[in-house]
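Structure first, then comments.
The values are calculated or read from the model by the stated rules, or taken from the named source; none is laboratory data. In this text the structure is predicted, and so the values were computed from the model without any measurement. As a convention, Cβ positions derive from the backbone with ideal geometry for all residues, glycine included, and neighbour counts pool all protein chains shown.
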Amino acid sequence: MHLDALRLRDRDRALTREWLLADGAGGYASSTVLLCPTRRYHGLWVPALRPPLGRHVVLSHIDERLIAGGGETWLSTTEYADGFHPKGSAVAETFEAEPLPRLVSRAGGVTVARHVALFDDGAGACIAYEVEAGGEWTLDAAPMLALRSMHALAEARQAVRVEPADGACGFHVLSEGLPGVFLWADGAEVDANVSPAWYKGVVLRVERERGFDFTQDLLAPGRWTVHGRGSGRCRLCCSFEAPGAAFPSPPRKRQDTSNRPGTPDKAPDTFSALFRAADAFLVRRRVAGEDLMTVIAGYPWFGDWGRDTMIALPGLAIETGRLDAAGKVLKAFASAASEGMIPNRFDEATGEPSYNTVDASLWYLQALAAYLKAGGSAAEIRECLWPAACRIVQHYAAGTRFGIHADADGLIDAGAEDTQLTWMDARTSDGKPVTPRYGKPVEVQALWLSGLALMVEMAEALGEAPPAPCALRERARDAFEALFWNDGAKCLYDCVFPDGRRDAAIRPNQVLAVGLPHAPLTGRRAKSVVRTVCAKLMTPRGLRTLAPRDPSYQGTYGGGPDERDAAYHQGTVWPWLLGPYVDALFAVEPPDRARAQARQILGDLLETVDEAGLGFISEVFDGDPPHRPGGCVAQAWSVAAAIHVWHVLETTGRML
């Protein structure tokens with residue numbers, strides 16, 4: 001995770017490389033390697049006011065000017081409509097992402113290094129400076145504040161008050177909708193000058209590319225002036241707590257996972273970093289007075305989504321030896337279940353759950369079974385998790401929201417023409433579904449059939465009686481293959497609609513019918529499905545969501561919201577699908593052949609961790625070469641897929 005001066009001074013390229021720190025409570029710090037914001041979500045301190053949600057960009061970045069040797073040099077980089085002012089990329093020397101983001105600049109024989117650190121549970125952030133010089137120097141620094149929801153953009157406003165921070169060298173900023181913000185400096189000869197000023201029209205270039213509003217106004221409450229001779233150090237801190245009370249613990253670093261059960265003994269550096277990255281997604285959520293946990297689906301803009309959480313949980317927590325975290329996540333979602341459904345998502349502003357998903361609850365059964373198999377607490381499962389699983393099966397069989405019910409053939413029917421209940425849930429700006437998949441989507445049936453079998457297994461392990469709907473499995477399995485097999489294409493239909501129409505589009509969802517535990521499709525047909533998916537959908541970055549020869553295929557994910565949504569599940573590549581694909585691969589191919597392909601898949605996937613979010617894997621990639629990354633720069637189920645493939649290789653006897 002090292003970038004040299006040549007790469008950093010290629011400013012446009014450097015502004016596509018991003019880093020992320022998480023605080024364990026849903027908040028984070030994230031920016032480009034030049035510490036120049038390019039997204040509305042970028043900030044050196046983005047705390048969650050109602051963990052893990054209610055996130056606000058408080059500190060955007062810091063304007064920095066070095067005065068030494070009779071001259072001055074701007075170290076920071078900020079973009080405005082008429083260009084970059086200042087242009088600190090010209091003096092950037094190195095950037096390191098590990099163990100903390102660290103940017104080094106050099107000008108006039110003076111080296112200035114700064115690293116960004118967060119404190120646990122959203123307590124605050126600090127930017128630590130180290131200066132090396134042969135003579136006298138002065139560092140002039142102005143904190144640039146956004147003071148807004150992470151989804152909004154700030155405009156200059158009068159309802160902000162700035163005053164000196166009591167007992168500290170810094171500022172106290174009061175604004176509507178936020179607690180008071182304290183900013184202070186320590187560790188060197190430093191002065192603070194309270195001189196509030198708005199900087200208008202800061203450009204966020206990625207927002208412009210994404211078709212959104214792309215300028216913001218930022219408040220500089222004043223400036224710090226740090227004086228030194230030779231070597232010197234100082235910290236610039238930001239918190240909702242007054243100086244001296246804010247930070248009871250040391251700054252939060254990425255956790256050392258080397259001694260954790262499940263961590264590979266001899267992992268390449270890239271993969272070791274990915275194991276550490278998994279911890280960024282596991283954050284606390286307080287439920288009914290109990291400290292539990294959840295999963296942030298993706299940084300910087302996603303919250304905790306039920307489907308993403310359950311798909312990612314085995315890779316992020318169970319296969320990395322964090323059973324305690326896995327149990328807390330499962331309990332948090334069980335506590336929020338209603339009518340046999342876990343939430344699809346929680347609203348960022350209100351925290352209210354939404355239940356508009358057919359598959360999240362079925363993925364819960366998969367995650368629970370994996371947790372029990374890995375050694376999760378049977379007592380805890382019996383008390384809370386097993387009853388929630390039973391209610392899922394019972395409500396899905398009898399009927400619950402959005403028309404979800406077991407049909408006469410035992411398979412799950414769900415939704416209507418205007419609903420989007422599967423993971424392929426994109427809509428256009430006028431509300432029209434891009435990929436209508438109501439009725440009987442293929443992966444929903446696979447999850448249902450697998451889930452029923454897993455419920456029987458779990459009941460036996462727990463000494464409990466399986467819920468009555470488990471008896472539907474044989475009838476439903478008999479119906480599945482007859483209904484979904486596409487003999488012409490030698491694979492499965494993607495969806496069977498209520499009127500009997502069958503969608504013959506070749507999509508990746510069918511691999512779940514082969515790779516899940518107790519999968520409904522076996523034998524020659526299962527092998528044909530895997531080979532068809534490989535031939536038509538496989539890329540070095542994941543599986544395409546639609547075969548390129550399909551008339552609806554979109555090979556590029558880009559443009560404004562409607563253009564992106566039109567491509568989101570119409571050819572765009574998703575890395576998370578490689579986890580289920582590798583499971584299916586091992587179900588149908590000889591072990592040596594399966595391992596060889598899985599090793600290639602993992603090697604290709606690990607190449608992506610330096611492409612966008614350093615140390616992470618992006619949400620999506622273009623369907624067409626060179627498969628440019630897009631969406632969130634750090635996606636939970638993408639990282640989890642790489643860890644899962646590693647785990648499969650490790651447990652089947654041969655590593656890289």
>> So the check is Cβ under 7 Å with 6+ separation or different chains; which pairs have a first residue in segment 282-297 that's in the same structural domain as D347 (by TED's automatic domain parsing) and in contact (Cβ under 8 Å) with a residue 12 or more places away in the chain and a second one that's part of a strand (DSSP E or B) and among the aromatic types (F, W, Y)?
In response: A297/W305
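With respect to S105, determine if the residue is assigned by TED's automatic domain parsing to the domain that holds Y41 and surrounded by 21 or more Cβ atoms within 10 Å (Cβ to Cβ). Walk me through it before giving the result.
Values: assigned by TED's automatic domain parsing to the domain that holds Y41: yes; surrounded by 21 or more Cβ atoms within 10 Å (Cβ to Cβ): yes.
So S105 fits the description; yes.
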>> Just to be sure I understand, how many residues within segment 535-550 are crowded, with 17+ Cβ neighbours inside 10 Å, among the hydrophobic types (A, V, I, L, M, F, W, C) and either at pLDDT below 95 or over 19 Å from C495 (Cα atoms) (or both)?
In response: 1
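Name the single residue that is nearest to G415 (Cα to Cα) among those in segment 325-364 being basic (K, R) and assigned to a helix (DSSP H, G or I). Let's see the steps before the verdict.
Initially, segment 325-364 is screened for residues basic (K, R), giving 328, 331, 345.
Narrowing further to those that are assigned to a helix (DSSP H, G or I): 328, 331.
Working: K328: 31, K331: 27 Å.
So the residue we want is K331.
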> Could you list, in sequence order, the residues of segment 1-35 that are out of contact with any Cys (no Cβ under 7 Å at 6 or more places or on another chain), closer than 26 Å to I296 by Cβ and assigned to a loop (DSSP other than H, G, I, E, B)?
Replying inline: M1, T16, R17, D23, G24, A25, G26, G27, V33, L34, L35
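Can you tell me which residue within segment 421-454, out of those that are aliphatic (A, V, I, L, M) and over 27 Å from the mean Cα position of the chain (by Cα), is surrounded by the fewest Cβ atoms within 10 Å (Cβ to Cβ)?
A453
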>> Based on this model, can you work out whether A587 counts as surrounded by 19 or more Cβ atoms within 10 Å (Cβ to Cβ) and in contact with a strand residue (DSSP E or B) (Cβ under 6 Å, 6 or more places away or on another chain)?
In response: no
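With respect to R285, is the statement that it is in a strand (DSSP E or B), of a type in the set (D, E, K, R), at pLDDT 90 or above and buried (at least 24 other Cβ atoms within 10 Å of the Cβ) true?
Numbers: in a strand (DSSP E or B): yes; of a type in the set (D, E, K, R): yes; at pLDDT 90 or above: yes; buried (at least 24 other Cβ atoms within 10 Å of the Cβ): yes.
Criteria met by R285.
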> Of the residues that sit in segment 177-209 and are under 29 Å from the mean Cα position of the chain (by Cα) and charged (D, E, K, R), which one is surrounded by the most Cβ atoms within 10 Å (Cβ to Cβ)?
Replying inline: E207
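Does W576 satisfy the condition of being of a type in the set (A, V, I, L, M, F, W, C) and under 26 Å from the mean Cα position of the chain (by Cα)?
Values: of a type in the set (A, V, I, L, M, F, W, C): yes; under 26 Å from the mean Cα position of the chain (by Cα): yes.
Yes.
For (1) surrounded by fewer than 16 Cβ atoms within 10 Å (Cβ to Cβ); (2) farther than 27 Å from P436 by Cβ; (3) touching a strand residue (DSSP E or B) at 6+ places or on another chain (Cβ under 6 Å); (4) of a type outside the set (S, T, Y), each residue gets a yes or a no:
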{"position": "S354", "(1), (2), (3), (4)": "yes, no, yes, no"}
{"position": "S361", "(1), (2), (3), (4)": "no, no, yes, no"}
{"position": "Y364", "(1), (2), (3), (4)": "no, no, no, no"}
{"position": "L372", "(1), (2), (3), (4)": "no, yes, no, yes"}
{"position": "E383", "(1), (2), (3), (4)": "yes, yes, no, yes"}
{"position": "Q394", "(1), (2), (3), (4)": "yes, yes, no, yes"}
>> Give me the residue from segment 22-52 that is aliphatic (A, V, I, L, M) and touching a Gly at 6+ places or on another chain (Cβ under 9 Å) and, out of that set, surrounded by the most Cβ atoms within 10 Å (Cβ to Cβ).
In response: V46
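Looking at segment 57-79 only, could you name the residues that are part of a loop (DSSP other than H, G, I, E, B) and either of a type in the set (S, T, Y) or under 13 Å from L35 (Cα atoms) (or both)?
From segment 57-79, those part of a loop (DSSP other than H, G, I, E, B) are 69-70, 75-76; that's our starting set.
Across segment 57-79, the qualifying residues are L75, S76.
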>> Looking at the structure I just gave you, is P221 touching a Cys at 6+ places or on another chain (Cβ under 9 Å) and either assigned by TED's automatic domain parsing to the domain that holds F302 or touching a residue at least 24 places away in the same chain (Cβ under 8 Å) (or both)?
In response: no
>> Going through T350, T357 one at a time, which residue ends up being of a type outside the set (A, V, I, L, M, F, W, C) and under 22 Å from T400 (Cβ atoms)?
In response: T357
> From the list D413, D418, D407, which residue is touching an Asp or Glu at 6+ places or on another chain (Cβ under 6 Å), over 22 Å from A312 (Cβ atoms) and surrounded by fewer than 17 Cβ atoms within 10 Å (Cβ to Cβ)?
Replying inline: D407
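Can you name every residue in segment 551-564 that is crowded, with 20+ Cβ neighbours inside 10 Å and either of a type in the set (F, W, Y) or closer than 17 Å to R507 by Cα (or both)?
Taking segment 551-564 as the starting set, the residues that turn out to be crowded, with 20+ Cβ neighbours inside 10 Å are 554, 557, 564.
Correct list: Q554, Y557.
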